[in-house]
Structures are given as structure tokens and as C-alpha cells.
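Note sheet for the following structure.
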Amino acid sequence: MSVQRQFLRFAAVGASGTAVQYSVLWAGVELAGIGAAAASGLGYALGSVVNYILNYFFTFQSDKSHGEAAAKYFTLLGIGWCMNTGLMWLLVQGLGWNYWLAQLLATAIGLAWNFAGSRWWAFKPAK
């Protein structure tokens, strides 16, 4: 499958995880009164579970064992979680950005990071 087609599938799948993350972000900030970085981080973690399942079967049609694929995927997303949460803290708490603008930037960076790592490491087919 071409990189472009796989990226489009990855982005479509990612929309479901992003919907989970953004819902938790909104509820955390607006309803629970917690910080944007914490709410975003929690939403990221919950959305990553949805994305793993869909990416394993749909986007990458992986032939790896779940043990190997999940270990690599969640290692990759652990780094992505640190990037997302750290960027949210820096932009919202440190620089006073609106939390939605900060989250959009963090999402764009995370999309590139997660796709590259998923394609060329976590779900890379065995040779």
C-alpha cells in the first residue's frame, strides 16, 4: 500500500482517537476544572487504545503478534504522550495560549510522529 493511502487511513482512524481526546479535554477543562495539559494527557491515553485496535487491523493490517506490535506502539505513543502533554503545558500554562489552539498544534505534531513511528517501526512488516 502506498504511503499516501496508508497516511489517509491512519488519519481517518486517528480521527476517532482524536474525538475521544478532545471530548476528554473539553470535559476536563470545562466541567471538571482540571488543567488543559492533564485533561489532554488523559484523553490522549484513552484515544490511543482505540487507535491501536483500528490501526492494527485496518491501517497496517499487521501480521505481528499483539505482544510485539502493542509493545512498540505504546512505547511510540508514550513518547508522543510526553510531547503532547509537555507542549500543552508549555503553550497553555507557560505562554497563555488558548487551549484549543495549543491542542491543534500538538495534534498536528503528534500525527506526523505517530504515523512515521507506526509505519516504519511499530507495525513494520517482518521481512
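Do we have Trp121 as over 14 Å from the mean Cα position of the chain (by Cα) and either surrounded by fewer than 19 Cβ atoms within 10 Å (Cβ to Cβ) or not in a loop (DSSP other than H, G, I, E, B) (or both) here?
Details: over 14 Å from the mean Cα position of the chain (by Cα): yes; either surrounded by fewer than 19 Cβ atoms within 10 Å (Cβ to Cβ) or not in a loop (DSSP other than H, G, I, E, B) (or both): yes.
Answer is yes for this residue.
Tell me, yes or no, whether the stretch 31-47 has at least one residue that is at pLDDT 95 or above, closer than 29 Å to Ser2 by Cα and part of a loop (DSSP other than H, G, I, E, B).
Checking the stretch 31-47: not a single residue is at pLDDT 95 or above, closer than 29 Å to Ser2 by Cα and part of a loop (DSSP other than H, G, I, E, B).
Counting only residues that are part of a helix (DSSP H, G or I) and either basic (Lys, Arg) or surrounded by fewer than 20 Cβ atoms within 10 Å (Cβ to Cβ) (or both), how many does the stretch 88-98 have?
4
Got a number for residues in the stretch 1-14 being part of a helix (DSSP H, G or I), exposed (fewer than 14 other Cβ atoms within 10 Å of the Cβ) and either out of contact with any Lys or Arg (no Cβ under 9 Å at 6 or more places or on another chain) or of a type in the set (Ser, Thr, Tyr) (or both)?
Number of matching residues: 5.
Here is a list of conditions, (1) surrounded by 14 or more Cβ atoms within 10 Å (Cβ to Cβ); (2) within 27 Å of Ser2 (Cα to Cα); (3) not hydrophobic (A, V, I, L, M, F, W, C), and Gly78 meets all of them except one; can you say which number that is?
Result: Gly78 fails condition (1) only.
Can you tell me which of Tyr99, Tyr52 is aromatic (Phe, Trp, Tyr), out of contact with any Lys or Arg (no Cβ under 6 Å at 6 or more places or on another chain) and touching a residue at least 60 places away in the same chain (Cβ under 8 Å)? Walk me through it before giving the result.
Values: Tyr52 fails: touching a residue at least 60 places away in the same chain (Cβ under 8 Å).
Only one candidate qualifies: Tyr99.
Could you list, in sequence order, all residues of the stretch 48-70 that are surrounded by fewer than 17 Cβ atoms within 10 Å (Cβ to Cβ), assigned to a helix (DSSP H, G or I) and more than 15 Å from the chain's Cα centre (by Cα)?
Hits for the stretch 48-70 are Phe57, Phe58, His66, Gly67, Glu68.
Testing Ser40 on (1) out of contact with any helix residue (DSSP H, G or I) (no Cβ under 6 Å at 6 or more places or on another chain); (2) in contact (Cβ under 8 Å) with a residue 60 or more places away in the chain, one condition comes back false. Which one is that?
Checking Ser40 against (1) out of contact with any helix residue (DSSP H, G or I) (no Cβ under 6 Å at 6 or more places or on another chain); (2) in contact (Cβ under 8 Å) with a residue 60 or more places away in the chain, the one that fails is (1).
The values are calculated or read from the model by the stated rules, or taken from the named source; none is laboratory data. Just so it is clear, the model here is predicted, and its values are computed rather than measured. Ideal geometry is used to build each Cβ from the backbone, glycine not excepted, and the neighbour counts take in all protein chains shown.
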